[in-house]
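Reading through the structure tokens given below for one structure.
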Amino acid sequence: MATAEVKLQKPEFINEPFVDFSKPENRAAMEAALKEVAAELGREYPMYIGGQKVTTAEKMQSTNPSHPSRVIGIVQKASVEQAKQAIESAHNYFEIR
């Protein structure tokens with residue numbers, strides 16, 4: 001059975017261009033983007049093991065280091081067995097590629 005080697009291609013790093021926030025349209029666009037992101041804060045995210053969505057009874061909070069009371073998101077707390085399954089699944093996935 002022939003298998004193809006998968007190589008991830010990363011584009012060359014390029015800095016974002018400077019934005020002049022003294023221009024009302026640039027400032028308004030940034031403020032709108034910040035509001036959009038703020039609306040997503042505190043969401044719960046599942047974990048995936050072998051392509052399957054998994055949720056657990058125990059959760060962990062990811063917080064903003066500069067404002068620890070602000071919850072960025074809530075993630076699942078994997079058991080040791082789930083962590084092993086995830087590692088085995090990832091290993092098997094890349095082994096056959």
A careful count of residues in the stretch 61-93 that are more than 20 Å from the chain's Cα centre (by Cα) and of a type in the set (K, R) gives 1
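For S79, state whether it is free of Cβ contacts under 8 Å to residues at least 12 places away in the same chain and among the hydroxyl-bearing types (S, T, Y). Reasoning before the result, please.
Details: free of Cβ contacts under 8 Å to residues at least 12 places away in the same chain: no; among the hydroxyl-bearing types (S, T, Y): yes.
Spelling it out, it is not the case that S79 is free of Cβ contacts under 8 Å to residues at least 12 places away in the same chain and among the hydroxyl-bearing types (S, T, Y).
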Restricted to the stretch 36-65 and to residues being in contact with a Ser or Thr (Cβ under 9 Å, 6 or more places away or on another chain), assigned to a loop (DSSP other than H, G, I, E, B) and modelled with pLDDT of 95 or more, the residue surrounded by the most Cβ atoms within 10 Å (Cβ to Cβ) is T56
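The values are calculated or read from the model by the stated rules, or taken from the named source; none is laboratory data. Fair warning: this is a prediction, and the values are worked out from it, not measured in the lab. All Cβ positions, even for glycine, are placed from backbone atoms using ideal geometry, and neighbour counts span all protein chains on display.
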